[in-house]
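Input: a single structure, listed below in structure tokens.
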Amino acid sequence: MGFTKLREPETATPLHASRPNSAGRLLALDLGAKRVGLAVSDELRITVNPLPAIERRSWKDLLRRVAAVIESYDARGLVIGLPLSLAGAEGSAAQDARATAEKFQRSLHVPVYLQDERLSTVAATAELKAAGRSAGEIKQQVDSESAVVILGDFIAHDAHVNGLNQR
């Protein structure tokens, strides 16, 4: 697995040829029909923290709000969850995520990556339950907690690939 051209449903795919730089914050999005979960890494990409979710209204509003978050955190890249089926197939949600990622790539001045997000919501829900969150809190926080899982997976995959390439 690695960084390949856009149409291959790998673990992490860039919308351009290069891998992410190893320094600087990354912002992740878990795109939903109603809400978009957000998470940000630290500069060294060691920790990932959830940010408040964004209510999804229009493309223009989403772009404006994501661009503001990227600017406020000085993020060096954007990672978007790619909702593949358990078998790895792409359905309409994955196609929508790809289209949105392509729009972000054209509109922002940071690289945009897609990350397989299979079972991220399941993992996020389990984390929130284990932390003792109520059902209402889980519903409110699961989108951004899913973005935490997506970004953590992306960072781990990139560290693995870079580690293998340095041998």
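The values are calculated or read from the model by the stated rules, or taken from the named source; none is laboratory data. These numbers come from a predicted model, not from an experiment. Cβ coordinates were reconstructed from backbone atoms using ideal geometry, including for glycine residues, and neighbour counts include every protein chain displayed.
A few points about this structure:
- For residue 46, the criteria (1) crowded, with 19+ Cβ neighbours inside 10 Å; (2) among the β-branched types (Val, Ile, Thr); (3) free of Cβ contacts under 8 Å to residues at least 40 places away in the same chain hold in every case but one, which is (1).
- From 124, 101, residue being out of contact with any Gly (no Cβ under 8 Å at 6 or more places or on another chain) and either over 17 Å from residue 56 (Cβ atoms) or without any contact (Cβ under 8 Å) to a residue 12 or more places away in the chain (or both): 124
- Cβ pairs under 6 Å, 6+ apart, first in the range 147-167 and more than 19 Å from residue 30 (Cα to Cα) and among the aliphatic types (A, V, I, L, M), second surrounded by 13 or more Cβ atoms within 10 Å (Cβ to Cβ) and modelled with pLDDT under 70: 161/2
- Residue count for the range 75-87, restricted to those that are surrounded by 12 or more Cβ atoms within 10 Å (Cβ to Cβ) and outside any strand (DSSP E or B): 4
- Residue match in the range 124-143 (condition: at pLDDT 95 or above and assigned to a helix (DSSP H, G or I)): no
- Filtering 110, 149 for residues that are in a loop (DSSP other than H, G, I, E, B), surrounded by 15 or more Cβ atoms within 10 Å (Cβ to Cβ) and either touching a Gly at 6+ places or on another chain (Cβ under 7 Å) or of a type outside the set (Asp, Glu) (or both) leaves a single hit, 110.
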